[in-house]
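The values are calculated or read from the model by the stated rules, or taken from the named source; none is laboratory data. All of these numbers come straight from a predicted model, not from anything done at the bench. Quick reminder, even Gly has a Cβ in these numbers, built from the backbone with ideal geometry, and neighbours come from all protein chains shown.
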Amino acid sequence: MKRTNTFNRRKFLGVAAMGVAVSKFIGLGSVQAKEIDHNNNSLRHARTDLKSFSIKQVKTGQLDIGYADEGPKNGPVVILLHGWPYDIHAFADVAPILVAKGYRVLIPHLRGHGSTSFLSAATPRNGQQAVIAQDIIDFMDALKVKSAIIGGFDWGARTADIVAALWPARCKALVSVSGYLIGSQEGNKKPLPPKAELSWWYQFYFSTERGRQGYAAYTHDFAKLIWQTASPQWKFDDATFDRSAASFSNPDHVAIVIHNYKWRLGLAEGEKKFDDIEKNLAQAPSIDVPAITLEGDANGAPHPKPEDYAVRFKSKYVHHTITGGIGHNLPQEAPQAFADAIIEADKLASK
């Protein structure tokens with residue numbers, strides 16, 4: 001499939017720089033750019049209704065996973081994956097939009113969050129990327145979901161990327177905020193320019209015992225600081241934050257978060273049984289399912305540029321930059337835009 005040529009890529013970047021929402025479609029040898037208005041989002045600066053999901057539980061091999069299950073049981077399945085430090089309520093305003101369109105929406109708490117718990121005290125509190133992706137495959141197996149549209153942001157986007165790359169039969173279509181986030185310990189050895197390293201301050205903090213103790217002691221305040229710096233223009237209120245922060249009281253939360261970031265830097269070992277998966281991921285496998293990537297125009301968290309990861313998507317592919325001061329928690333800040341992307345991805349997969 002023909003990729004973007006230099007002329008069109010420059011055109012795309014120039015349009016994005018002018019601050020409009022951009023759609024880039026790569027397919028059948030063509031590239032199209034158009035403006036998309038996602039600014040008229042009534043929930044952008046308003047407090048939501050603070051919808052709380054009814055939580056179900058399902059057991060897998062290692063976990064008892066807490067999850068929301070919204071919409072018709074026979075509808076096309078959408079699985080939505082949150083990141084850190086967030087929880088399933090990042091999709092509180094996305095789910096009703098999708099349910100109204102007939103989708104069944106499943107939103108699991110990742111390990112270390114909400115009501116998801118380990119079945120055995122002996123199971124390693126492992127937060128490496130491969131194990132979280134395996135959790136989602138196990139979750140789908142437990143609910144007898146053969147294939148789903150999978151969308152996410154932050155840890156959830158990375159997990160969705162991995163499922164799409166390694167288990168494409170299980171992923172009908174993909175929506176990934178900040179695009180291709182699959183990494184490796186080897187790749188993370190390379191130092192970044194000082195400004196980029198500064199944005200990863202918490203990763204280095206977590207690599208120390210002081211950081212572990214600090215996060216355990218100040219989990220609520222720490223998470224709120226990340227919300228503020230990652231989404232500097234998002235005017236969330238305390239009630240909105242506290243609804244999600246309740247999920248961080250999970251007894252395994254600190255251990256999972258610390259292990260995740262220490263593992264990235266090669267300062268903590270993963271489980272041997274996931275070595276083959278990690279070796280595969282270290283090769284930056286392509287994603288061969290229909291995909292849409294999203295980026296907010298005010299994302300204050302570390303994230304790659306869209307033009308740097310477009311080549312990883314080999315099937316039908318669209319990128320949208322969402323304007324209007326949208327930060328890192330894109331589904332919660334721009335729920336209509338995220339829901340639209342899920343529906344659009346479904347249409348791409350059906351063509």
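A compact table of results
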item: Residue within the range 200-214 that is within 20 Å of residue 112 (Cα to Cα), in contact (Cβ under 8 Å) with a residue 40 or more places away in the chain and among the basic types (Lys, Arg) present; result: yes
item: Out of 278, 295, 307, sole residue that is of a type outside the set (Val, Ile, Thr) and assigned to a strand (DSSP E or B); result: 295
item: Residue 154 being at positive phi, of a type in the set (Asp, Glu) and in contact (Cβ under 8 Å) with a residue 24 or more places away in the chain; result: yes
item: Within the range 67-120, tally of residues that are assigned to a helix (DSSP H, G or I), surrounded by fewer than 20 Cβ atoms within 10 Å (Cβ to Cβ) and small (Gly, Ala, Ser); result: 1
item: Of residues in the range 186-199 being assigned to a helix (DSSP H, G or I) and in contact (Cβ under 8 Å) with a residue 40 or more places away in the chain, the one farthest from the chain's Cα centre (by Cα); result: 189
item: Matching residues, the range 96-148, being at positive phi and out of contact with any strand residue (DSSP E or B) (no Cβ under 8 Å at 6 or more places or on another chain); result: 102, 112, 144
item: Residue that is nearest to the chain's Cα centre (by Cα) [pool: residues in the range 229-245 that are surrounded by fewer than 14 Cβ atoms within 10 Å (Cβ to Cβ) and assigned to a helix (DSSP H, G or I)]; result: 242
item: Residue 273 being of a type outside the set (Ser, Thr, Tyr), in a helix (DSSP H, G or I) and without any contact (Cβ under 8 Å) to a residue 40 or more places away in the chain; result: yes
item: Qualifying residue in the range 169-184 (condition: within 21 Å of residue 300 (Cβ to Cβ), of a type outside the set (Lys, Arg), loosely packed, with under 15 Cβ neighbours inside 10 Å and touching a Gly at 6+ places or on another chain (Cβ under 8 Å)); result: no
item: Any chance residue 256 is assigned to a helix (DSSP H, G or I) and β-branched (Val, Ile, Thr); result: yes
item: Lone unmet requirement of (1) buried (at least 23 other Cβ atoms within 10 Å of the Cβ); (2) at pLDDT 95 or above; (3) closer than 30 Å to residue 302 by Cα for residue 24; result: (2)
item: Residue in the range 140-160 that is of a type in the set (S, T, N, Q), surrounded by fewer than 24 Cβ atoms within 10 Å (Cβ to Cβ) and under 21 Å from residue 61 (Cβ atoms) present; result: yes
